[in-house]
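As structure tokens, the structure follows; a few thoughts come after it.
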Amino acid sequence: QVHAVESGGGLVQVGDSLRLSCVVSGRAFSSYQLGWFRQAPGKEREFVAAISWHGVRTYYADSVKGRFTISRDNAKNTVYLQMNALKPGDTAVYYCAVDQDTIATTEASEYDFWGQGTQVTVSS
């Protein structure tokens, strides 16, 4: 069983930055594809960013492209989401997700394990 634990959420102002972290258990971390998703109140969960196992390929939702950066540190079993220029529309619970397949994906249904989420609130 793989466990993912997110941290780093909080209440910030418009234009501020936050960095989310997600520590993933398991010795196979370096082989996992990893993703971040978010869910705002009354909305469906949506894709934010994904990174391949080697970190070479990254994928972003259009709404965050140029503002958010996903990265990983395989030595620390950790994936990060650096969020800059935050907007009220970024307010949501952010989830880390683990995909044991060989190709990174933007589809939530392809991910095998999920964290509990961390709340990000952007106040205007």
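Points worth noting:
- Charge dipole (debye, nearest 20) of the stretch 45-124; +1 at Cβ of Lys and Arg, -1 at Cβ of Asp and Glu: 360 debye
- Spin-label model, SER7/GLU44: points 7 Å from Cα along the beta carbon direction are separated by 3.4 nm.
- Amide hydrogen neighbours beyond the local backbone of PHE113, cut-off 5 Å, H modeled: VAL98
- Projected area averaged over orientations for the stretch 5-103, convex hull of C-alpha atoms, nm²: 6.2 nm²
- Over all directions, the projected convex hull of the C-alpha atoms in the stretch 10-52 averages 4.4 nm² in area.
- Among ARG67, ARG19, ARG27: highest mean-square fluctuation, GNM of the chain, C-alpha pairs under 10 Å: ARG27
- Dipole of the chain computed with +1 at Lys/Arg Cβ and -1 at Asp/Glu Cβ about the Cα centre; of ALA75, VAL2, VAL98, farthest Cα towards the positive end is ALA75.
- Estimated FRET transfer efficiency (ASP62, SER25; beta-carbon r; R0 25 Å; 0.05): 0.20
- Distance in nm between pseudo-label sites at THR69 and ALA85 (7 Å out along the Cβ direction from Cα): 1.4 nm
- What the phi angles of the stretch 9-14 give under the Karplus curve with 6.51, -1.76 and 1.60, with θ = phi - 60°, is a coupling list of x, x, 9, 9, 9, 4 Hz, glycine and proline written as x.
Since every read-out is calculated from the coordinates, none of them should be taken as a lab result. Note that this is a predicted model, so its numbers are computed, not measured. Using ideal geometry, Cβ is built from the backbone for each residue, glycine included, and neighbour counts are taken over all protein chains shown.
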